[in-house]
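Below: one structure, written as structure tokens.
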Amino acid sequence: MSIATVNPATGKTEQTFDPLDDAELEAKLARASEAAVSYRTTTFAERARWMVTAAELLEGEIPAIAQVMTTEMGKTFASAKGEAAKCAKGLRFFAEHAEGFLADEKVESDATDSRVIYRPMGPVLAVMPWNFPLWQVMRFAAPALMAGNIGLLKHASNVPQTALFIEELFLRAGFPPGVFQTLLIEARRVASVIEDPRVRAVTLTGSEEAGRSVAETAGRAIKKSVLELGGSDPFVVLPSADLDDAVRVAVTARVQNNGQSCIAAKRFIVHGDCYEAFEEAFVTAMASLSVGDPMEPATEIGPLALAPGRDEVAALVDDARDRGAHILCGGAPMDGPGYFYPPTVVTGITAAMRVDSEEVFGPVALLYRVDDAAEALRLANDTGFGLGASVWTHDAAERRLFVEGLDVGMVFVNAMVASTPELPFGGTKRSGYGRELATLGIREFCEAKSVWEA
Ligand code: NAP
């Protein structure tokens, strides 16, 4: 994929960028390696000062960067502004808490003094997706830089302006040159960066295919990797749930970010006792959403980010229809130059359909009916993914059943799955491994060093 801003609402190429040549890439890696030596000796207070300045700068420029994000990947302007504001909060969160998260841990032993200390690894490569083009990067960068690491960003090829903005933001905030750099390179050159001896670790958020490739290279080079991959999160509704709340949140949980979120609810598993009422209200709400220009305040769903992504969503829905599924609303790409796909609800799903086992990265909800909580739990876990899950019930025993029984990284009860700096974020099974955010996230790219003083 060429490195370019192509507006998905119009299909028009706005700006193209030359990838770094080999000498430019080498210069960036050399700068990162040099910066690592002195940056690791900076104090938490210094890093926090720069991080808070970055948050302040970002807060002052929210409409401008939000417009760039909307132009590059089609999320609504309102949600882009929300994402930028959330990023600023995330930067502040790690500025405030990093030192505590990485404090020495005393250990009782036969030594006079024994403890575990956490130290930065050095340059870390972050391979990032376009769907939350600012937040995905910040949730890596804020803890990584606060821990004393160096960030190297290989962002998705369709969000180069956002990628360059982030590099500039950290520089303007006062971080020393080389501490955070954007590498405008193609995906095929990622392996050479991972293999470079100056790079200590890699994190990837994206598709399984990309994850497999990055993990293979990291494995061969014996380097740490963290993978945040796809999901097909269940949204389970049981009879004791407040149905109005569940329907309202179900719609948001599916169509947020134009349906392109790893933690979007994708499989709606509803108990027979409330199924009809849920289906009717849910389909009505989905069908009434307004799809259109993402810069318009009234628009609730903008275009999908990429033409191949829109075509893949259409192919998955067509496959389900061809194999006997019922399409209750939507179900075909919309006319026009942009990559629009309408909110769609599918029922009558069987294991023969691709949607039953693959991730649908667009505003398409899969609706399943079950007879009881045990069947809901079995179906929720009947997937190769294990990112998040949302369960709607006011029954204490059911809460315990799902919190304990769901094979996922994140369970939200009577709320939609969300990414927040206080809680670790990550998945099980083919959704990846490792965690971002919170204490676990900041420690992923630290060396835990055991110290024994006799
Ligand atoms: P993608 O195609 O895998 O791209 C993600 C990043 O990986 C991009 O920077 C891409 O670069 C790069 N890449 C692609 N193939 C690569 C390879 N073989 N080796 C090294 N790098 C490679 O994913 P996407 O379509 O942009 O994003 C959607 C996917 O991300 C969905 O599956 C979604 O669920 C997942 N996701 C997961 C999380 C999470 O936290 N678990 C969060 C958001 C999204 P190019 O753009 O240059 O190809």
How much mean residue ellipticity at 222 nm does the chain get from its helices, if each DSSP H run of length 4 or more adds -39500 (n - 2.57) and you divide by all residues, to the nearest 500 deg cm²/dmol? -13000 deg cm²/dmol
More than 28 Å apart: what percent of Cα pairs in the stretch 233-421 qualify? 19
Contact order normalised by residue count of the stretch 233-421, Cα under 8 Å, 6+ apart, percent: 29
Hey, got the dipole for the chain? About the Cα centre, +1 on K and R Cβ, -1 on D and E Cβ, debye to the nearest 20? 960
Please report the relative contact order for the stretch 139-236, taking Cα pairs under 8 Å with a sequence separation of at least 6, and give it as a percent rounded to a whole number. 21
Work out the P(r) tail for the stretch 1-113: percent of alpha carbon pairs separated by more than 19 Å, whole number. 68
Hull volume in cubic angstrom per residue (convex hull over the Cα atoms of the stretch 108-210): 148
Please report the antiparallel percentage of DSSP beta bridges with both residues in the stretch 312-418, rounded to the nearest 5. 30
Computed on Cα atoms, the radius of gyration and Dmax of the chain in angstrom are 22.5, 74
Ignoring ligands, DNA and RNA, what percent of the 1.4 Å accessible area of the chain is carbon and sulfur? 53
Pairs to check: Lys223/Lys449; Lys81/Lys429; Lys81/Lys223; Lys154/Lys266. Give those whose C-alpha atoms are more than 24 Å from each other in this structure. Lys81/Lys429; Lys81/Lys223; Lys154/Lys266
Restricting things to Cα coordinates, could you compute the convex hull volume per residue of the stretch 208-298 in Å³? 147
Ignoring ligands, DNA and RNA, what accessible area per residue does the stretch 233-421 give at 1.4 Å, in Å²? 38
Could you calculate the FRET efficiency of Thr252 with Glu453 from 1/(1 + (r/R0)^6), where r is the beta carbon distance between them and R0 is 45 Å, rounded to 0.05? 0.25
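The values are calculated or read from the model by the stated rules, or taken from the named source; none is laboratory data. Note that the structure is predicted; figures quoted are calculated from it, not measured. Because the Cβ atoms are built from the backbone with ideal geometry, glycine has one as well, and the counts that use them run over all protein chains shown. Heads up: the accessible areas ignore ligands, DNA and RNA and are worked out on the full protein's heavy atoms, side chains in. Shrake-Rupley method; radii C 1.70, N 1.55, O 1.52, S 1.80 Å.
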